[in-house]
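Read the structure below first, then the notes.
The values are calculated or read from the model by the stated rules, or taken from the named source; none is laboratory data. Just so you know, these numbers come straight off a predicted model, no measurement behind them. As a convention, Cβ positions derive from the backbone with ideal geometry for all residues, glycine included, and neighbour counts pool all protein chains shown. Please note that ligands, DNA and RNA were not included when accessible areas were found on the heavy atoms of the full protein model with its side chains. Shrake-Rupley method; radii C 1.70, N 1.55, O 1.52, S 1.80 Å.
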Amino acid sequence: MAESTASVPLSGLSRRLVRDGYLEEEIAKEALLECRKDKTSLATHLVGRELVAPDVIARCAAEEFGDPLIDLAAFDTQNLPQDLVDNSLITKHHVLPLFKRGNRLFIAVSDPTNLQAQEEVRFNTGLNVETVVAEEDKLARLIETMLSDSEDEGFGELDEDLDNIDVSTGDQGGDADEVTASTDVDDAPIVRFINKLLLDAIKGGASDLHFEPFEKMYRVRFREDGILKEKAHPPPNSAPKISARLKVMSQLDISERRVPQDGRIKLKVSKNRSIDFRVNTCPTIWGEKIVLRILDPESAKMGIDALGYEEDQKALYMEALARPQGMILVTGPTGSGKTVSLYTGVNILNTPEVNISTCEDPVEINLEGVNQVAVKPRQGLDFASALRAFLRQDPDVVLVGEIRDLETAEIAVKAAQTGHLVLSTLHTNSAPETLTRLRNMGVPSFNIATSVILIIAQRLGRRLCSSCKEPVEIPEQSLKEMGFTDDDIATGFTVYGAKGCEKCGGDGYKGRVGIYEVVKITDGISRIIMEEGNSIDIGDQCRKEGFDDIQRSGLVKVMHGVTSLEEVNRVT
């Protein structure tokens, strides 16, 4: 049952903002409730929702708690103490070490009430911690700059010594020996070439690397923002050496070239950050094609606000995560960001009070505090058997990597109906199709209607580069044909298109954003499921109840200037 704002007491900063007339009492209480759910500070929440200006919050906090107020605009990241506080603590608690005097460390915060942050920094450094208050927006920018600088330094060190990058197997069995870059393949140029490609892919934000042999050429491509781009053309006769090097790094059988193999690489890119690569080899007529999927553990910790949900969609997801039981399904094609959406939810639920178990094929992102099982069908450990084991392990939350068959679906439904929150994925194109897909698998309509509580269908679209995007003139009639309503057009929004500049590499896009269809299973939708209505009937009911489909969500992103019409049409 949702907590009422009437039971939320105002104190400290919230009480001060209400008393000074910067915030209405009811809005302040709602903000405090959302902060509890999202596990964010009040300052971060208020600034993110543009409810109160950052300078007002900082001034009120400083006056309320008697801490000094500081302007971070005068600080240079080069002068900040490096490696004094772990980057994980800086990110987790949104604090910034400013300077050290004797045994005292001064840290900037936007929320002085976060005593846990002060205690953890004190324990981590062995220093007495004193807080100063800073404006939330300036603090966030300076933290981001400092962390990106430290990562770049890590890359720089590795670039200087490409022969000796710290590479180890990512085998989840944990029994493989560490691999050194100088002894596996007696060919230093190949070692340096591959190490540099891996680093370039991470720096460029690529999601996959493709190593492809052909009769008269060898091609390396990166998938950046969902699009494959050619990056290198090594000599064709280097194909066997490149293949051998990658297979050694991922602990695969070098002598086996006739069947596909799966492996994993862990690359330490800086003192505090490691990146995993999921490796797959596939024999082709000209040699082995090898694809590496980059798995960044930090992607699960971005926070739900960074994924691109609209406010009403985010509220539906957070409401479902707060439920004690039921099933949340995330659907979409391969590469649409389903894993990150699921892991973001798991990360929100990951507290000492909650027992979380996951079964995946393979485990893509390692999360501290979560019991993760890698499915191994050849050894008899499939999704269904892992799920059965979980139900005897007193779980609160269960994540199933994918529902592939009736047996897995039935056990997941049973778990959702017996006091567990179940999260999983399906490969369908929309929320209505997900419900009919479960029925086609053989799950009874009654079980679907009583277990599924939320469906998220999603795609990943490229963001327009903020430095070079330009307005595009489109006739009103054309906008209507594309799906915009008269009310949309009346708002006078501007459609932007891609241009291209140095910052985005010339294609006009930089980064990606999620486009979502988030459907809560209401009584009306349940009734259609029970009546065995088809996906069209369910889709019509979703629209009646105000749930936007993928296409409509994409158009909203266009109206907000986030992406282009061409990109929405490409991915939806």
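For a test of the definition: using alpha carbon positions, the gyration tensor, and the 1.5 limit on a/c, classify the range 303-347 as rounded, prolate or oblate. Don't jump to the answer; show the numbers that get you there.
On the way: a/c = 1.72, a/b = 1.23, b/c = 1.40.
Oblate, because a/c is 1.5 or more while a/b does not exceed b/c.
Let's test the formula: R0 of 45 Å, r as the Cβ-Cβ distance of Leu381 and Thr485. What FRET efficiency results, to the nearest 0.05? My answer for the efficiency is 0.35. Which residues in the range 224-245 place their backbone N less than 20 Å from a point set 7 Å from the Cα of Val556 along the Cα-to-Cβ direction? Counting only backbone N, you get no residues. Taking each DSSP H run with n ≥ 4 as -39500 (n - 2.57) and averaging over every residue of the chain yields -11500 deg cm²/dmol at 222 nm. Counting only Cβ charges, +1 for Lys and Arg and -1 for Asp and Glu, the dipole size of the chain around its Cα centre is about 1040 debye.
Can you give the extra length, in nm with one decimal, that the chain gains between Asp394 and Val472 once fully stretched, where that is 0.36 nm per residue apart less the Cα-Cα distance?
Details: separation 78, 0.36 × 78 = 28.08 nm, distance 5.61 nm.
Difference between extended and current length: 22.5 nm.
Positive end of the dipole of the chain (Cβ unit charges, origin at the Cα centre): among Ala322, Ile227, Gly12, the Cα lying farthest that way belongs to Ile227.
Restriction of the GluC sites (Glu not before Pro) in the range 466-520 to DSSP coil positions whose beta-carbon has at most 13 other beta-carbons within 10 angstrom yields Glu473, Glu502.
My understanding is that a pair violates if its Cα-Cα distance is over 20 Å; which of Lys100/Lys203; Lys469/Lys557; Lys138/Lys338; Lys203/Lys241 do that in this structure? All intermediate terms of the calculation are to be shown ahead of the outcome.
Values: Lys100/Lys203 32 Å; Lys469/Lys557 14 Å; Lys138/Lys338 32 Å; Lys203/Lys241 25 Å.
In this structure, Lys100/Lys203; Lys138/Lys338; Lys203/Lys241 exceed 20 Å between Cα atoms.
In the range 307-455, taking the dipole from charged Cβ atoms about the Cα centre, the farthest positive-side position among Asn371, Ile403, Gly419 is held by Ile403. For the chain, the residue among Leu391, Gly554, Leu80 whose Cα projects farthest onto the positive side of the dipole built from Cβ charges is Leu391.
So in the chain, what percent of DSSP beta bridges are antiparallel if you round to the nearest 5? Present the calculation step by step, with values, prior to reporting the outcome.
Values: 56 of 86 bridges.
Of all bridge pairs located within the chain, approximately 65 percent are antiparallel.
In this structure, Ser238 and Arg570 have a Cβ-Cβ separation that, at R0 = 41 Å, corresponds to a calculated FRET efficiency of about 0.75.
Quick check on the chain: take the gyration tensor over C-alpha atoms, sort the square-rooted eigenvalues as a ≥ b ≥ c, and tell me if it's rounded (a/c under 1.5), prolate or oblate. Note, shape of the chain comes out rounded.
Could you tell me which of rounded, prolate or oblate describes the range 307-435, using a ≥ b ≥ c as the square roots of the eigenvalues of the alpha-carbon gyration tensor, with rounded for a/c under 1.5 and, failing that, prolate when a/b is larger than b/c and oblate otherwise? Since a/c stays below 1.5, the shape of the range 307-435 is classed as rounded.
Given a 1.4 angstrom probe, what's the average accessible area per residue across the chain, in square angstrom? Before the final figure, lay out each step's value.
Details: 27140 Å² over 572 residues.
Using a 1.4 Å probe on heavy atoms only, each residue of the chain averages 47 Å².
For Pro235, what is the net charge nearby, where nearby means another residue's Cβ is under 11 Å from its Cβ and Lys, Arg count +1, Asp, Glu -1?
On the way: positive: Lys216, Lys241; negative: none.
So the environment of Pro235 carries a net charge of +2.
I need the GluC sites (Glu not before Pro) found in the range 521-572, filtered to DSSP loop residues with at most 14 other beta carbons within 10 Å of theirs. Taking the range 521-572 and a limit of 14 other Cβ atoms within 10 Å, the loop GluC sites (Glu not before Pro) found are Glu531, Glu532, Glu545.
May I ask you to derive the FRET efficiency for Ser274 and Glu531 from their Cβ-Cβ distance with R0 = 41 Å, giving the value to the nearest 0.05? Don't skip to the end; give the middle numbers.
Values: r = 51 Å, r/R0 = 1.25.
Approximately 0.20, to the nearest 0.05.
Placing +1 on the Cβ of every Lys and Arg and -1 on the Cβ of every Asp and Glu, with nothing else charged, gives the range 457-572 a dipole about its Cα centre of roughly 700 debye.
With +1 on each Lys and Arg Cβ and -1 on each Asp and Glu Cβ, and nothing else charged, work out how big the dipole of the range 189-292 is about its Cα centre, in Debye to the nearest 20. Before the final figure, lay out the partial values.
Values: 21 positive and 12 negative charges, 84 e Å.
Result for the range 189-292 is approximately 400 debye, rounded to the nearest 20.
Unpaired cysteine residues in the chain (no second Cys Cβ under 4.7 Å): Cys35, Cys60, Cys282, Cys359, Cys542.
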